[in-house]
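The values are calculated or read from the model by the stated rules, or taken from the named source; none is laboratory data. All values derive from a computational prediction rather than experimental measurement. Heads up, the Cβs are rebuilt from the backbone with ideal geometry, glycines too, and the neighbour counts pull from every protein chain shown.
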Amino acid sequence: MARKEFKNSQFDEKNGRMRRKRVSPLTIAKLDYVDYKDTDLLNKFLSERSKIKARHNSGNDAQQQRAVARAIKNAREMALMPYIAAVTTQRRERRNENDRSDRASGPPPQPTTPPPGAEGDELESADISSVEANPELVDSFIDSQDNQSEVALDVNEEEEL
């Protein structure tokens with residue numbers, strides 16, 4: 001015998017059985033209007049991470065699902081329900097103390113000696129030698145200072161007028 005082809009969405013292909021359709025909590029309670037202030041009812045339509053459950057999980061029809069989604073969004077906006085529920089997981093225990101990394105034992109040790117080339121005398125002598133090698137730098141620096149003082153004098157003279 002050939003296997004029957006089901007076009008019904010209630011057929012479960014994994015185990016070849018008909019799936020029983022869920023009944024909505026709205027249908028059970030015979031509610032026509034979904035109130036955003038009824039958080040106990042709305043929590044039935046949320047997952048553990050505060051996501052809105054799909055229609056096939058909650059058992060709602062399309063119209064009910066739209067009303068529930070709108071009510072949940074209004075309740076979130078009014079701060080009656082959370083946007084995200086933080087799920088905490090417990091850490092697994094370590095097998096032995098040798099598994100700890102080097103950083104877990106504390107801050108790294110500070111060096112006792114300065115790094116090479118960081119002494120103050122060497123830096124000053126290096127700066128002086130670069131100035132001696134390029135005397136144009138000194139001239140341009142002096143010229144720029146003279147220009148700045150001339151501009152300052154011009155501004156002061158204009159203020160007096």
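With (1) in a loop (DSSP other than H, G, I, E, B); (2) among the small types (Gly, Ala, Ser); (3) at pLDDT 95 or above as the list, and Ala79 as the residue in question, which single condition is left unmet?
Failed condition: (3).
Being closer than 28 Å to Val87 by Cβ, at pLDDT 90 or above and over 33 Å from the mean Cα position of the chain (by Cα) is the requirement here; does Leu26 meet it?
Judged against the criteria, Leu26 is a match.
Residue by residue through the range 57-88, note down the ones that are touching a residue at least 40 places away in the same chain (Cβ under 8 Å) and loosely packed, with under 14 Cβ neighbours inside 10 Å.
Met78
Consider Ala85 carefully, then state whether it is assigned by TED's automatic domain parsing to the domain that holds Asn43, of a type in the set (Gly, Ala, Ser) and modelled with pLDDT of 80 or more.
no
Name the single residue that is nearest to Asp32 (Cα to Cα) among those in the range 88-105 being under 28 Å from the mean Cα position of the chain (by Cα) and at pLDDT 65 or above.
Thr88
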